[in-house]
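Remarks on the structure that follows.
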Amino acid sequence: MEGKEEDVRLGANKFSERQPIGTAAPSQDKDYKEPPPAPLFEPGELRSWSFYRAGIAEFMATFLFLYITILTVMGVVKSKSKCSTVGIQGIAWAFGGMIFALVYCTAGISGGHINPAVTFGLLLARKLSLTRALFYMVMQCLGAICGAGVVKGFQKGIYESNGGGANVVAPGYTKGDGLGAEIIGTFVLVYTVFSATDAKRNARDSHVPILAPLPIGFAVFLVHLATIPITGTGINPARSLGAAIIYDKDHAWDDQWIFWVGPFIGAALAAFYHQIVIRAIPFKSRP
């Protein structure tokens with residue numbers, strides 16, 4: 001018995017614990033395949049039905065996104081008592097929940113971008129061609145305009161008297177504050193998109209039953225909680241443009257540049273951070 005106990009003790013100490021708790025088991029073999037960079041221009045896409053189907057999916061998703069979220073905002077701001085409505089938390093849930101649902105529905109068709117800033121970040125990371133990126137952005141903006149337009153069609157007077165869901169920098173904050181909030185908020189969103197769709201992470205954590213749309217939608221929810229009091233939370237140029245065009249008041253256009261420059265800078269920083277700092281893809285040796 002003493003010999004067996006000694007064997008057990010030696011066996012227990014023979015191999016040290018190297019894998020941090022909570023992560024998948026290590027593997028010496030590369031169990032994932034890094035997608036090749038997308039070409040800058042891909043003319044063949046223009047002859048493919050899947051290309052146009054993806055654009056239509058982006059249009060419909062952004063249309064539904066604006067319809068539900070702007071309608072929720074109108075329901076909150078028109079009420080005399082915020083306690084009788086869903087409040088700011090409800091608005092944040094409407095934005096985050098819709099992103100979760102719509103990314104889940106469209107990810108297999110278009111990738112579920114629903115946001116020109118997300119498309120821009122993925123373009124910089126060579127995840128899609130410039131041709132497709134521009135098409136997506138146009139369809140996203142058109143969908144946003146139509147979504148906000150339908151909300152205005154319900155009750156035009158209430159819509160126009162309550163801000164139309166347009167993004168503006170709130171009183172007490174400078175334009176620099178608004179720009180900074182949009183940059184950081186979009187960074188959080190796009191960084192989450194990169195992490196949730198990372199091929200290496202998906203392979204390593206394949207045993208964890210988490211849908212990619214879930215962390216993306218939750219990131220949108222959290223960013224809205226933080227920045228609704230500052231800018232109403234843009235982090236999506238199509239959403240900001242659609243609301244501004246349908247609302248069409250001067251003060252909404254005064255700050256419109258913030259809701260394009262900020263998200264695009266945030267998306268670029270997120271793409272740089274994930275691809276170069278986290279994944280170090282440009283420095284990896286080629287076989």
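Readers should treat all values here as calculations from the given coordinates under stated rules, not as data from a laboratory. This structure is a prediction, so every number in the text was calculated from the model and none was measured. All Cβ positions, even for glycine, are placed from backbone atoms using ideal geometry, and neighbour counts span all protein chains on display.
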What are the ³J(HN,Hα) couplings of the stretch 163-173, residue after residue, when phi is run through the Karplus curve with 6.51, -1.76, 1.60 and θ = phi - 60°? Round to Hz, x for glycine and proline. x, x, x, 6, 7, 9, 6, 5, x, x, 10
Please report, for the Cα atoms of the stretch 103-200, the Rg to one decimal and the Dmax as a whole number; what are they, in angstrom? 16.4, 51
Tabulate in residue order the Karplus-calculated ³J(HN,Hα) for the stretch 259-271, using 6.51 cos²θ - 1.76 cosθ + 1.60 with θ = phi - 60°, rounded to whole Hz; enter x for Gly and Pro. 8, 10, 5, x, x, 5, 5, x, 5, 5, 5, 5, 5
At R0 = 30 Å, FRET efficiency that the Cβ-Cβ distance of Tyr173 and Thr85 yields, to 0.05: 0.80
Ordered by residue, what ³J(HN,Hα) values in Hz, to whole numbers, does the stretch 249-254 give under the Karplus form 6.51 cos²θ - 1.76 cosθ + 1.60, where θ = phi - 60° and Gly and Pro are x? 10, 4, 5, 6, 7, 4
Step through the table entries Lys33/Lys127; Lys152/Lys175; Lys78/Lys175; Lys127/Lys175, compare each Cα-Cα distance with 22 Å, and write down the pairs that go over it. Lys152/Lys175; Lys78/Lys175; Lys127/Lys175
Based on a Kirkwood Rh over C-alpha pairs, give the Stokes-Einstein translational diffusion coefficient of the stretch 36-148 at 4 °C and viscosity 1.567 mPa s in µm²/s. 86
For q = 0.15, 0.21 Å⁻¹, Debye-computed log10 I/I(0) when each Cα of the stretch 137-262 counts as one equal scatterer: -0.75, -1.17
How much FRET efficiency would the formula 1/(1 + (r/R0)^6) give for Trp253 and Ala101, where r is the Cβ-Cβ distance and R0 is 22 Å, rounded to 0.05? 0.10
Using r as the Cβ-Cβ distance of Ile278 and Leu40, and R0 as 35 Å, what FRET efficiency do you calculate, to the nearest 0.05? 0.90
